[in-house]
Amino acid sequence: MSKFDSIRHYHDSEVQEALTSIVNHPMFKSLVTFTFPDKSETELEEIYTSINSIDDFQSKIIYHSLQRVLAISSEGVTTSGFEKLDPNESYLYISNHRDILLDTSLLNVLLMEHGKKLTASAIGDNLVTKSFILALAKLNRNFLVRRGLSPRELLMSSKLMSEFIYHLLTEEERSVWIAQREGRTKDGNDATNPGVLKMIGMASDEKDVMDYFKKLKIVPVSISYEYDPTDKLKMPQYLAQLKDEVYIKEKNEDFINIMSGVLGQKKHIHIHIGDVITTEIDQIKAEFDSSNKQVQALANVLDKEIISNYKLWPTNYIAYDVVNNSNKFADKYTENEKQIFLKRLGLRVDKENEQLLQGFLAMYSNPVVNKMNYGYES
C-alpha cells in the first residue's frame, strides 16, 4: 500500500489486469473499432496480450486513436519548442486548458513523436465517476484531483497531490502536466490561478519556495485550437448568465463535452513548448520577500509566456473585429472565412443578437485582446 493509492495512476504491473477488465466493455470495443477498423478479433487480441505497461498501452492503442481523431476532426497539428526539451529530463508542464481530454493526449502524442518523456496528467475526479472511464484514465497515466471537498479535506488532498507531483518528478523521473487553473478556459482568458502554484509548492523542502519551484523545471505550454470543438455547447450556460440564472449541468453534460471535444471539428491546432522558467524565478526571489507575492509574480510570468506564445487563428481575428465592430485585422482573414465561422455558430450580426454575440465570441476574441495587452498582435 502507498499513501498515493487514492489518487495515483496504475503501476505497470497492474496494466494487464486492468486492460483485461475493460476489453469487453462496449465503450472500449467502440474505441478499438474506431481506432483499428480493419483488424480482426485475433489481431486485436494479439495487441492486448502484448500490452504490459502504460507506455505499451499509450503507444499501441491511444497513439493510433489520436491519429484517427486528428484525421477526421482537424486539419493538422503544428508545433514549436519541442526541440528544446532534453529527452532524459522530467519537466512540470503548466498549460492553458481548452479541452478535457485532448490537451494532454495531444501533448503526449507529440512528446512521443519527438522522443521525449511522456507525462502523468492531472484530471478532476468528477470526470471519471464511471468505473470504465476511471480505468481508462489510469491506463493513460492520469492521477486524480479531488473536487467538492470541505476546507480541511481540500488542504489534506492538496498536500497529498503536491507530494505525489514531487514524487513523480524526482523519484519516478516522470514529467507531469497540470492546468494553470481548475477547469477549462471557457472565455478565452488564459490566467494562472496562484492557488494551483501554492498547491504545487506545499511539498517544498526548501526555505524559499522559489528554490523549490526552480528544482521542478517548470515549462509553460500554450495550446490553441482554431475552432473550439465545444463552443456551441457553451451557449446554454452563457444564456443563463445573461438572464442572471443559475446554470445547472445536465446529467451527462461532462461526458458529452468530452466526446464533443474529441470528435468535434477543431480545424488547425498548435502546441508551443516554452523555455524552462529559471532566470525569472531568480529575479522573483531577488525582488520579493513575501511568498504570496512571489507566487503571484510566478503566475504572472506563466501568463505572459502562455499568452505570448499562443497562436492566433483567423477565427480569433474575426471574433475581435465582430465584437469591436472594426476592420482592424481584416487582413488576417477572408470574407468567406468570416461567413463560414459565423454560420458555424449559427449567429447573426444584428441588434437582436448583439449581447449574445459579444459575450459568446469573447472566447475567440479575448486571446487577441490578451496578446495586445502584452504588446503582441500575431
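Descriptive notes on the structure:
- Accessible area in the full protein assembly, largest first, 1.4 Å probe, for SER6, SER222: SER6, SER222
- Once the chain from GLN339 to MET156 is taken as fully extended at 0.36 nm per residue, the excess over their C-alpha distance is 60.8 nm.
- Within the chain, the longest run free of exposed loop sites, counting GluC sites (Glu not before Pro) that sit outside DSSP helix and strand states (H, G, I, E, B) and have at most 10 other Cβ atoms within 10 Å, spans 1-170.
- Beta bridges by DSSP in the chain, antiparallel share as percent, to the nearest 5: 20
- Shown here: the chain, whose C-alpha atoms stretch 61, 61, 43 Å along the first, second and third principal axes, sorted largest to smallest.
- Rounded to 0.05, the FRET efficiency of the HIS64 and ASN325 pair, given R0 = 51 Å and the Cβ-Cβ distance, is 0.65.
- A probe of 1.4 angstrom, applied to the heavy atoms of all protein chains, finds ASP187 with accessible area near 60 square angstrom.
- Portion, in percent, of the accessible area of region 79-166 that falls on carbon or sulfur, probe 1.4 Å: 54
- The calculated FRET efficiency for the pair ASN373 and PHE34, based on their C-beta separation and a Förster distance of 56 Å, comes to about 0.85.
- In Å², nearest 10: area of ARG68 left accessible to a 1.4 Å probe: 90
The values are calculated or read from the model by the stated rules, or taken from the named source; none is laboratory data. The structure presented is a predicted model; accordingly, all values stated were derived computationally and were not measured. In this analysis, Cβ positions are derived from the backbone assuming ideal geometry, glycine residues included, and neighbour counts consider all displayed protein chains. Note: accessible area is taken over every heavy atom of the protein model, side chains too, but ligands, DNA and RNA are not part of it. Shrake-Rupley method; radii C 1.70, N 1.55, O 1.52, S 1.80 Å.
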